[in-house]
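Visitor: Pasting a structure here, questions to come.
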């Protein structure tokens, strides 16, 4: 069965690029442009992994990560934060919010797929 990944990023270019990388890697992809759209998407789907950008309007990725961890439905869903903010404080904040891992943008196709397969244990 194809594994489903939800990608949450406010930049259309990033959403498209990450989506292409994941689809080429054999994953089914759903996309959301902000945290609120992601929460709506999660009422209808139950992805195997969620990829979050940090800097988004409204609710940022760190807040969304905390919210997902507090929800029974998504408490154990693996979360990967993918952000342009790669400083140690940002990484620590993301991991403390409950993310399984944190990668800095720009990301290489191979590195992204390797990290996802590690998190999913495939």
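Every read-out reported here was derived from the displayed coordinates using simple, explicitly stated rules and does not represent laboratory data. The structure presented is a predicted model; accordingly, all values stated were derived computationally and were not measured.
Visitor: Where both residues lie in the chain, what percent of DSSP beta bridges are antiparallel, nearest 5?
Guide: Of all bridge pairs located within the chain, approximately 0 percent are antiparallel.
Visitor: While we're looking at this one, here's another question. Can you give the calculated 222 nm mean residue ellipticity of the chain, where each DSSP H run of n ≥ 4 adds -39,500 (n - 2.57) and the sum is split over every residue, rounded to the nearest 500 deg cm²/dmol?
Guide: Calculated mean residue ellipticity at 222 nm is -13500 deg cm²/dmol.
Visitor: Still on this structure, please answer the following. What is the gain in length, in nm to one decimal, between residue 55 and residue 76 on full extension, counting 0.36 nm per residue of separation less the C-alpha to C-alpha distance?
Guide: 5.3 nm
Visitor: Report the Rg/Rh value for region 4-108, based on alpha-carbon coordinates and the Kirkwood definition of Rh.
Guide: 0.92
Visitor: Now for a separate question. So how much slack lies between residue 45 and residue 20, counting 0.36 nm per residue of separation and subtracting their Cα-Cα distance, in nm?
Guide: Taking 0.36 nm per residue and subtracting the Cα distance, the gain is 7.0 nm.
Visitor: Residue 28 to residue 87: extension gain in nm, 0.36 nm per residue of separation minus the Cα-Cα distance?
Guide: Residue separation times 0.36 nm, minus the Cα-Cα distance, leaves 18.2 nm.
Visitor: Please find, in a Gaussian network model of the chain (springs between Cα atoms separated by less than 10 Å), the residue of 68, 82, 42 whose mean-square fluctuation is greatest.
Guide: Largest GNM mean-square fluctuation: 42.
Visitor: Among 108, 64, 15, whose mean-square fluctuation peaks in a Gaussian network model of the chain (Cα, cutoff 10 Å)?
Guide: Maximum fluctuation in the GNM of the chain, among the listed residues, is at 108.
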